[in-house]
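All remarks here apply to the structure that follows.
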Ligand SMILES: Cc1cc2nc3c(=O)[nH]c(=O)nc-3n(C[C@H](O)[C@H](O)[C@H](O)COP(=O)(O)OP(=O)(O)OC[C@H]3O[C@@H](n4cnc5c(N)ncnc54)[C@H](O)[C@@H]3O)c2cc1C
Ligand code: SF4
């Protein structure tokens, strides 16, 4: 597992980072952003789509900013604590990511921009060669998708980040910067269904920070995570819930690790609230119906989907203090 060579760049400001990205793009040179490196560097070691250039975001001062309503992309997950003024739901979710060692390097931006995962893809180069590759890293062979064959335009690799659904239920927005300027959009509009594209970031653009509305501070929440080993595994399914206590109409539910995107279940929640009120079983049934996991993570999709009911019921019960 030798790291392929790449040139590492260290811009010291947002402007420098964007200018550097633009000049590499103009020269036809491919690059990746790197934050904590806990995902992208292991992938490089496995020769999974390495690039000749890597741009570190660590030198950008504003990317390290941390306040209750604004979290810079370079803030380490270990800093997402209630003592640091972070919302308790985000602190709960961050504490469930990987291990304490990884959380010291892993960042908020890296977690939200995490590559999608699949057991045909997150493997060493020799392993992937032995199965003649797959569409997401086809090494120029035009290989098909191994999970859903004969649909070569789409990858259904699973998004397995823990923070996204929790930020979503608090109403978070993300600030993106790139050669075309700055834009802000709700986090639930950030993700793209194709597991290769992953999100709506354009060429040369990066996620600078996450912003929460004032109302997030009034919300209480719960995050329920299914994983193989509690010590450090990725989520196999995750349900986040939040509400303003006593106001069912404020309820928000979001899921992760069940599809190629984390998903805010606004429509399902609105429908159930109208017909059944804040009923845990009805909400669990609606979310269960909405998600469609495929067979590409450690646990079988039928089991992960069936656990969605349990996780949703637990999350809603926790909100109601039961
Ligand atoms: C053993 C192990 C267990 C893990 N368990 C979990 C888990 O339980 N839950 C979980 O959520 N994750 C888990 N992870 C994945 C990963 O460690 C975390 O998601 C981490 O938060 C990623 O952040 P990073 O800063 O290290 O990202 P990096 O590795 O630096 O980057 C990840 C990706 O995001 C891109 N990127 C980074 N920052 C930005 C930015 N600001 N703008 C645009 N693109 C950006 C990079 O180009 C790369 O594609 C685990 C990893 C390991 C090795
Ligand atoms: S879902 Fe298909 S294309 Fe995507 S990583 Fe898995 S096998 Fe490859």
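Among the residues of segment 123-137, write down those that are within 16 Å of ligand 1 (Cβ to nearest atom) and either touching a helix residue (DSSP H, G or I) at 6+ places or on another chain (Cβ under 8 Å) or part of a helix (DSSP H, G or I) (or both). Within segment 123-137, 137 is the sole residue that qualifies.
Yes/no per residue for (1) under 19 Å from residue 103 (Cα atoms); (2) surrounded by 24 or more Cβ atoms within 10 Å (Cβ to Cβ):
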| position | (1), (2) |
| --- | --- |
| 219 | no, yes |
| 223 | yes, yes |
| 227 | yes, no |
| 231 | yes, no |
| 239 | no, yes |
| 244 | no, no |
| 250 | no, no |
| 259 | no, no |
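Among 110, 161, which is the only one that is assigned to a loop (DSSP other than H, G, I, E, B), closer than 26 Å to residue 68 by Cα and within 16 Å of ligand 1 (Cβ to nearest atom)? 161 is the lone residue from the list that is assigned to a loop (DSSP other than H, G, I, E, B), closer than 26 Å to residue 68 by Cα and within 16 Å of ligand 1 (Cβ to nearest atom). Candidates 155, 113: the one that is under 21 Å from residue 257 (Cβ atoms), within 16 Å of ligand 2 (Cβ to nearest atom) and buried (at least 21 other Cβ atoms within 10 Å of the Cβ) is 155.
Summed over segment 21-34, the residues that are more than 23 Å from the chain's Cα centre (by Cα) and within 14 Å of ligand 1 (Cβ to nearest atom) give a count of 1.
The residue that is modelled with the highest pLDDT, counting only those in segment 50-76 that are crowded, with 18+ Cβ neighbours inside 10 Å and out of contact with any strand residue (DSSP E or B) (no Cβ under 7 Å at 6 or more places or on another chain), is 60. Mind checking whether some residue in segment 88-101 is part of a loop (DSSP other than H, G, I, E, B), surrounded by 15 or more Cβ atoms within 10 Å (Cβ to Cβ), on the phi > 0 side of the Ramachandran plot and at pLDDT 95 or above? Yes, some residue in segment 88-101 is part of a loop (DSSP other than H, G, I, E, B), surrounded by 15 or more Cβ atoms within 10 Å (Cβ to Cβ), on the phi > 0 side of the Ramachandran plot and at pLDDT 95 or above.
The conditions of being under 29 Å from residue 223 (Cα atoms) and either within 8 Å of ligand 2 (Cβ to nearest atom) or modelled with pLDDT under 90 (or both) are not met by residue 139. Those helices (runs of 4 or more DSSP H) of segment 252-322 that lie entirely within it include none in which at least 3 residues are modelled with pLDDT under 95 and either touching a strand residue (DSSP E or B) at 6+ places or on another chain (Cβ under 7 Å) or more than 16 Å from residue 162 (Cβ to Cβ) (or both).
The values are calculated or read from the model by the stated rules, or taken from the named source; none is laboratory data. Because the structure is a prediction, the values reported are computed rather than measured. As a convention, Cβ positions derive from the backbone with ideal geometry for all residues, glycine included, and neighbour counts pool all protein chains shown.
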